[in-house]
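Structure, as structure tokens:
The values are calculated or read from the model by the stated rules, or taken from the named source; none is laboratory data. A quick note: this is a predicted structure, and the numbers were derived from the prediction, not measured. With ideal geometry, Cβ positions are generated from the backbone for all residues, glycine too; neighbour counts draw on all protein chains shown.
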Amino acid sequence: MKTLIVIDMQNDFVTGALGSKEAVAILPNVKKKIEEYISAGHEVIFTRDTHGEGYLDTNEGKHLPVPHCIKDTDGWQVVPELDREDCEHIDKPTFGFSSWNLKFDGSRVMGMREFEEIEIIGVCTDICVVSNALILKACFPEINITIDASCCAGVTPESHQAALATMKSCQINVIGE
């Protein structure tokens, strides 16, 4: 089974505190891609950047002093036109999720996760997308991992392109450029 991982397509990264016109522009492509995966019977996983009220006191908060994706706020929610209750949601407290190899039910480990093929889309290409792509490549070096650039947006167009180049050099397929 193919798996689509939708990285941090949350209100704060699209139209909120850290939103951008590039993130808004990819919404139709992201929605279409999710619908294609669901229609084909493939797995879709959403990640949510997840912070607490004390975000500004964290290391990340000291480097990026913009409160965002505070758990249970509107900004933390996946963009409504993309979100699906029938898909898995992974809350991650930092850029990359370090437990991709584990299958969870809530906070309880249910066993080892296996992927056959992964496609990654979302934001920000140059922070969370690249972090998760490299972690997944390290955890599952023998599977194909693809990034659809037409379904990703970076902090800037230049940093988006730099992240795509980095992923290509790490044997991650990049399509949709």
Looking at segment 1-51, which of its residues are closer than 19 Å to GLN161 by Cα and of a type in the set (Asp, Glu)?
-> ASP8, GLU22
Options LYS21, LYS31, LYS71; residue that is surrounded by fewer than 16 Cβ atoms within 10 Å (Cβ to Cβ), closer than 12 Å to ILE121 by Cα and either in contact with a helix residue (DSSP H, G or I) (Cβ under 6 Å, 6 or more places away or on another chain) or at pLDDT 95 or above (or both) | LYS31
Out of (1) among the charged types (D, E, K, R); (2) surrounded by fewer than 19 Cβ atoms within 10 Å (Cβ to Cβ); (3) over 19 Å from ASN11 (Cα atoms); (4) at pLDDT 95 or above, the one GLU81 does not meet is (3)
Please work out if LEU4 is touching a helix residue (DSSP H, G or I) at 6+ places or on another chain (Cβ under 7 Å), within 22 Å of THR146 (Cβ to Cβ), modelled with pLDDT of 95 or more and in a loop (DSSP other than H, G, I, E, B).
-> no
Mind checking which pairs have a first residue in segment 20-31 that is under 18 Å from GLY75 (Cα atoms) and a second that is at pLDDT 95 or above and among the aromatic types (Phe, Trp, Tyr), Cβ under 7 Å, 6 or more apart or different chains?
-> ALA23/PHE13
Test HIS89 against the stated conditions and say whether it is closer than 19 Å to GLN10 by Cβ and part of a loop (DSSP other than H, G, I, E, B).
-> no
Name the residues in segment 19-42 that are in a loop (DSSP other than H, G, I, E, B) and at negative phi, would you?
-> GLY19, SER20, ALA40, HIS42
Please specify each residue of segment 99-121 satisfying the condition of being of a type in the set (Phe, Trp, Tyr) and under 13 Å from ILE143 (Cα atoms).
-> PHE115
So which residues in segment 7-51 are among the aliphatic types (A, V, I, L, M) and either closer than 18 Å to GLU85 by Cβ or within 13 Å of the chain's Cα centre (by Cα) (or both), if there are any at all?
-> ILE7, MET9, VAL14, ALA23, VAL30, ILE34, ILE38, VAL44, ILE45
Scan segment 140-165 residue by residue and report those that are within 23 Å of LEU18 (Cα to Cα) and assigned to a helix (DSSP H, G or I).
-> PRO157, GLU158, SER159, HIS160, GLN161, ALA162, ALA163, LEU164
Residue under evaluation GLY16, criteria (1) surrounded by fewer than 16 Cβ atoms within 10 Å (Cβ to Cβ); (2) not in a helix (DSSP H, G or I), criterion not met | (1)
(1) at pLDDT 95 or above; (2) surrounded by fewer than 20 Cβ atoms within 10 Å (Cβ to Cβ); (3) in contact with a Pro (Cβ under 9 Å, 6 or more places away or on another chain) all hold for GLU53 apart from (1)
Taking segment 132-177 and keeping only residues that are more than 15 Å from GLU119 (Cβ to Cβ), in contact (Cβ under 8 Å) with a residue 40 or more places away in the chain and either exposed (fewer than 14 other Cβ atoms within 10 Å of the Cβ) or more than 16 Å from the chain's Cα centre (by Cα) (or both), one is left with PRO157
